[in-house]
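Novice: Below you will find the structure I want to go over with you.
Values quoted throughout were computed directly from the atomic coordinates according to the rules given, and no laboratory measurement underlies them. From a predicted model like this one, the values you see are computed outputs, not experimental measurements. Here the Cβ positions follow ideal geometry from the backbone for every residue, glycine too, while neighbour counts run over all protein chains shown.
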Amino acid sequence: MASDVFAVDGYDAIIAKLAKYEDSFKNEIARNALLEGAVPIQEEIAAAVPISTRNEEHIHNDIQIGEPELVNGDWQVSIGPGKKTSWRAGFLEYGHATVNGGHVPAHPFMQPGMKRSKQKFMQTVAGVIQKGLSL
């Protein structure tokens, strides 16, 4: 989709300079870029979570950034509720049925948070890569 495409200043220079480095150096830059880029997504997701009045771990305090990994040639990082709250997060994100036949509506926070932070993520990742390559 066109909305998923972002212009990055200096893209050609980044690609040309990256080609000159060893894979281990490129991997370290990619790892650092993903970790820093994940922070604005984490913040947006946490800000979008409705806060419970229950006296338990709140989902917005448990949005975790996983360790970046290379999967089938592509770097990825997971961002979402941690082990303490992930079981409840799905009910909140998608809604759920109740035992008496009713339905609790969805209160999405993951997708909206990710969409709102996409441009900031791309800018942060590009900035980290440019800094790592001294551009």
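Novice: Please list, ordered by chain and number, the residues whose modelled amide H lies under 5 Å from the amide H of Gln64; skip anything fewer than 5 residues away on the same chain.
Specialist: Gly80, Gly82
Novice: Then there's this: Per DSSP helix of 4 or more residues, -39500 (n - 2.57); summed, then divided by the residues of the chain. What does that give at 222 nm, rounded to the nearest 500?
Specialist: Value at 222 nm, helices only, nearest 500: -16500 deg cm²/dmol.
Novice: Mind pulling the angle between the C-alpha long axis of helix 23-48 and the longest principal axis of the chain? Nearest 10 degrees, somewhere in 0 to 90.
Specialist: On a 0 to 90 degree scale, this one is about 30.
Novice: What are the ³J(HN,Hα) couplings of segment 54-65, residue after residue, when phi is run through the Karplus curve with 6.51, -1.76, 1.60 and θ = phi - 60°? Round to Hz, x for glycine and proline.
Specialist: Once θ is set to phi - 60°, the couplings for segment 54-65 become 6, 8, 8, 3, 8, 4, 5, 8, 10, 7, 10, 10 Hz.
Novice: Taking only the C-alpha atoms, wrap a convex hull around segment 24-135 and report its volume per residue in Å³ as a whole number.
Specialist: Looking at segment 24-135, the number lands at 116 Å³ per residue.
Novice: Each residue of segment 98-103 in order: what ³J(HN,Hα) in whole Hz does its phi give by Karplus 6.51 cos²θ - 1.76 cosθ + 1.60, θ = phi - 60°, with x for Gly and Pro?
Specialist: Each residue of segment 98-103 in turn: 9, 5, 8, x, x, 9 Hz.
Novice: While we're looking at this one, here's another question. Taking the Cα centre of the chain as the origin, how large is its charge dipole in debye, to the nearest 20, when only Lys and Arg (+1) and Asp and Glu (-1) carry charge on their Cβ atoms?
Specialist: Once rounded to the nearest 20, the dipole reads 220 debye.
Novice: Quick check: the angle from helix 110-132's long axis to the longest principal axis of the chain, C-alpha only, nearest 10 degrees?
Specialist: Once rounded, one gets 20 degrees.
Novice: So how do 42-50, 18-26 stack up, highest first, on mean other-Cβ count within 10 Å?
Specialist: With the highest mean Cβ count within 10 Å placed first, the list reads 42-50, 18-26.
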